[in-house]
Amino acid sequence: MSGVKSRAMPQFDVYPHPVEEWRSQSPYVVDIQSDLVRGVRNRLTIPLTHADVESPGQRLAPTVEVEGVTLFIDTLGIAAFPLGELRGAVGSLRSDADAIWSALDYALHGY
């Protein structure tokens, strides 16, 4: 796709949720798209949801901590957002990559 400006957006970086109305339940999203995918307008993300909201279970929704808050990875809430809507990374979940991939595998393949 030519003409699309790309900026570095490291996989597993965490951003404030782009939809302000959803931030009370899911204050952040984690970028799960490969760093190798460039020249596209959107990034794949998973919302990070407050732990007091009903979780579908640890295997599908492992917990993580972001800025001192315990959240779960709401795997089934996967969504794409335009590059310009993901601003101000607050951290990275690279150290939780195995848990994120495991949850995605379970959601998509059942294992």
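Along the charge dipole of the chain, Cβ charges K/R +1 and D/E -1, which of Val37, Tyr106, Phe81 sits furthest on the positive end?
It is Val37, whose Cα lies furthest towards the positive end.
If I build a Gaussian network model for the chain, linking alpha-carbon pairs within less than 10 angstrom, which residue out of Arg41, Arg23, Arg59 has the largest mean-square fluctuation?
Sorting by GNM fluctuation, first place goes to Arg41.
Using alpha-carbon pairs under 8 Å, 6+ residues apart, how would you state the relative contact order of the chain in percent?
Relative contact order of the chain: 29 percent.
Suppose every Lys and Arg Cβ carries +1 and every Asp and Glu Cβ carries -1, with no other charges. What dipole size does the chain come out with about its Cα centre, to the nearest 20 debye?
Dipole magnitude for the chain comes out near 560 debye.
Among Ser95, Ser34, Ser26, which one shows the highest mean-square fluctuation when the chain is modelled as a Gaussian network with alpha-carbon springs under 10 Å?
Answer for the Gaussian network model of the chain: Ser95.
Which of these, Gly68, Gly57, Gly39, has the largest mean-square fluctuation under a Gaussian network model of the chain (Cα springs below 10 Å)?
In this elastic network of the chain, the residue with the biggest mean-square fluctuation among Gly68, Gly57, Gly39 is Gly68.
Considering all projection directions equally, how large on average is the shadow of the alpha-carbon convex hull of the chain, in square nanometres?
Over every viewing direction, the Cα hull of the chain projects on average to 7.1 nm².
Any read-out appearing in this document is the output of simple, stated calculations on the displayed coordinates, not a laboratory observation. Bear in mind the structure is a predicted one, so any value in this text is a computation, not a measurement. All Cβ positions, glycine included, derive from the backbone under ideal geometry; neighbour counts span all protein chains shown.
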